[in-house]
Amino acid sequence: MRAIVSVFDKQGLLELGGALTSLGVELFSTGGTYRTLAEAGIPARQISDLTGFPEILDGRVKTLHPAVHGGILARRDVPRHQDELNRAGIHPIDMVIVNLYPFVATVSRPGVSLEEALENIDIGGPTMIRAAAKNYPHVTVVVDPADYSSVVEALLGGGVDMAIRRRLAQKAFQHVAAYDTAVARYLRQGEEGFPEQLTVALTKKLDLRYGENPHQKAAFYREDSLGEATGGIAAATQLGGKELSFNNILDADAAWRAASDFPEPTVAVVKHTNPCGLASHPDLTEAYRRALAGDPVSAFGGIVAVNRPLDAAVAQEISKTFYEIVITPEFTPQALGILQKKRDLRLLATGSLDSNTSPGWDFRRVPGGFLVQTFDWHGNEEEVTLKKVSERAPTEEEIPDLLFAWRAVKHVKSNAIVLARDKALLGMGAGQPNRVVSVAIALEKAGEKAGGSVLASDAFFPFPDGVEAAAKGGITAIIQPGGSVRDEEVIQTANRYHIAMVFTGVRHFRH
């Protein structure tokens, strides 16, 4: 048997080389792989011994040769192929063990030049991998060091069977596809709009017990990045508690996005992807108390996200209520000590204060395709222009609450209504087909606290009835996008009740 071994990742290489040599496999290697094997005393020959041709163009061409690809691609069950190999003096190659230049690691380094990036695009490696995977009925292709031991075990047992070779070939094609996706994504940087063709590279992070319901299977995949700040759940480290479920991840992501969207110390409490509690305050413990007060009943069994390192004082308060997950950039040792006493409580540390900076796209699955859009990052104070449309202008006390409510409402499922005061969510209505029903739900949740609070609506009021309901509940100021054909009626209703109303010109639908 003959094998080509050319790997950038040298993990497990010496053990593999020793095992293959003991089985009588003749090894051919390139560059650093050859030197590593030779220095360890493992017999290997250079690829130029196979091709009879030296490496040229600074190593750009070394395996692109008929002696390599003829040996890989020849079908053993076609006599004509064997005759052609014999006439050309080419020997079959039975194994291709290759992994690629570290393109992603290279282009993720700060200040990397285009020239350096291009030099780290592997050509010979993917070509050999694809050739071997195409001919998997006769050739074993290995791209992952994790597969070395199973391949050696199969060889010791008499040979690598067709089922294993097929699995390895599938893995090889996927490996090259992910690599090509990274290269395309790098070269696409700075381009406007959406490409005509698009691939996404994903790496499995977790197998999940089940999906949204026990009869559904599920897994969690991390999108392979080129070094951008991704943060959030995909980058989080679990420091305690049970394994994550499908719904845990959805809810934790919603909670983290909500909390990390605010510049001040902020706590979000989420249930079924909607914030039932949300508050900003310089004192993080007070922010938590205010967030919990927003809806202490719904908070039970929810997710808590904190956008600052979580200390013992906050942990002590959190430990008084049953939650599924606590997520924060960092736990202090004292906070961990308190929360890890709750054996089932999942603790996630993101290691980043900002998950909302990724230049990537938001993908939504529909049968047969994907919807692709940019993320809705809009909403920061510097991006919001408040247009006064009512007779009364908002007071200095109302404006910070209006801006807080406007940030909050984009994290609530549409039709979304948020009531807030003192930078704390008092009540919200989410996911209703009728906006006035969302107003009624938000008022009901806020109860007596609604009086004197402000209201944010993620989209315009199509009729004055929503403002009528808000006025009867004691709302003093409203922030909304505007743009309805009945805006004038809505504004007149606000004026009748002496409500301050501002338009943003931007909506925040979240379906």
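Laid out as a table, the results:
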read-out: Pick from the stretch 447-470, criterion hydrophobic (A, V, I, L, M, F, W, C) and assigned to a loop (DSSP other than H, G, I, E, B), ranking: farthest from Val412 (Cα to Cα); value: Phe463
read-out: Any hit, the stretch 47-58, residues being in contact with a helix residue (DSSP H, G or I) (Cβ under 6 Å, 6 or more places away or on another chain), under 20 Å from Arg130 (Cβ atoms) and not basic (Lys, Arg); value: yes
read-out: Pairs, first of a type in the set (Val, Ile, Thr) in the stretch 158-177, second assigned to a helix (DSSP H, G or I), C-beta under 7 Å, six or more apart; value: Val160/Val151; Val160/Ala154; Ile164/Ala154; Val176/Pro126; Val176/Ile129; Val176/Arg130
read-out: Index of the failed condition, Lys205 passing every other in (1) closer than 30 Å to Phe246 by Cβ; (2) among the charged types (D, E, K, R); (3) assigned to a helix (DSSP H, G or I); value: (3)
read-out: Subset of the stretch 1-59 [more than 24 Å from Leu118 (Cβ to Cβ), free of Cβ contacts under 8 Å to residues at least 12 places away in the same chain and exposed (fewer than 13 other Cβ atoms within 10 Å of the Cβ)]; value: Ser22, Glu39, Gly41
read-out: Some residue of the stretch 11-23 being outside any helix (DSSP H, G or I), farther than 29 Å from Val183 by Cα, of a type in the set (A, V, I, L, M, F, W, C) and at pLDDT 90 or above; value: yes
read-out: Checking Gly158 against (1) at pLDDT 90 or above; (2) in a loop (DSSP other than H, G, I, E, B), the condition it does not meet; value: (1)
read-out: Residue, surrounded by the fewest Cβ atoms within 10 Å (Cβ to Cβ), within the stretch 138-157, restricted to residues that are over 33 Å from the mean Cα position of the chain (by Cα) and free of Cβ contacts under 8 Å to residues at least 40 places away in the same chain; value: Gly157
read-out: Total residues in the stretch 447-472, condition surrounded by fewer than 24 Cβ atoms within 10 Å (Cβ to Cβ), on the phi < 0 side of the Ramachandran plot and free of Cβ contacts under 8 Å to residues at least 40 places away in the same chain; value: 12
read-out: Helices (runs of 4 or more DSSP H) wholly inside the stretch 248-366 containing at least 3 residues that are surrounded by 22 or more Cβ atoms within 10 Å (Cβ to Cβ); value: 284-294, 312-318
read-out: Flag if Ala442 is within 18 Å of Asp401 (Cα to Cα) and out of contact with any Ser or Thr (no Cβ under 9 Å at 6 or more places or on another chain); value: yes
read-out: Spans of helices (runs of 4 or more DSSP H) in the stretch 41-114 with at least 1 residues closer than 22 Å to Thr21 by Cβ; value: 47-51, 66-73
read-out: Close pairs (9 angstrom Cβ cut-off, 6 or more residues apart or separate chains): under 16 Å from Ala105 (Cα atoms) in the stretch 178-195, among the acidic types (Asp, Glu) and in a loop (DSSP other than H, G, I, E, B) anywhere; value: Ala178/Asp224; Tyr179/Asp122; Thr181/Asp224; Ala182/Asp224; Arg185/Asp224
read-out: Pairs where the first residue, in the stretch 289-313, is assigned by TED's automatic domain parsing to the domain that holds Leu425 and the second is β-branched (Val, Ile, Thr) and surrounded by fewer than 17 Cβ atoms within 10 Å (Cβ to Cβ), C-beta under 7 Å, 6+ apart; value: none
read-out: Test: residue in the stretch 166-176 that is at pLDDT below 95, in the same structural domain as Tyr101 (by TED's automatic domain parsing) and loosely packed, with under 14 Cβ neighbours inside 10 Å; value: no
read-out: Yes/no for Glu116 being of a type in the set (Asp, Glu) and without any contact (Cβ under 8 Å) to a residue 12 or more places away in the chain; value: yes
read-out: Among (1) buried (at least 24 other Cβ atoms within 10 Å of the Cβ); (2) of a type outside the set (A, V, I, L, M, F, W, C); (3) in contact (Cβ under 8 Å) with a residue 60 or more places away in the chain, the one test that Ser414 misses; value: (1)
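The values are calculated or read from the model by the stated rules, or taken from the named source; none is laboratory data. This is a predicted model, so every value here is computed, not measured. Heads up, the Cβs are rebuilt from the backbone with ideal geometry, glycines too, and the neighbour counts pull from every protein chain shown.
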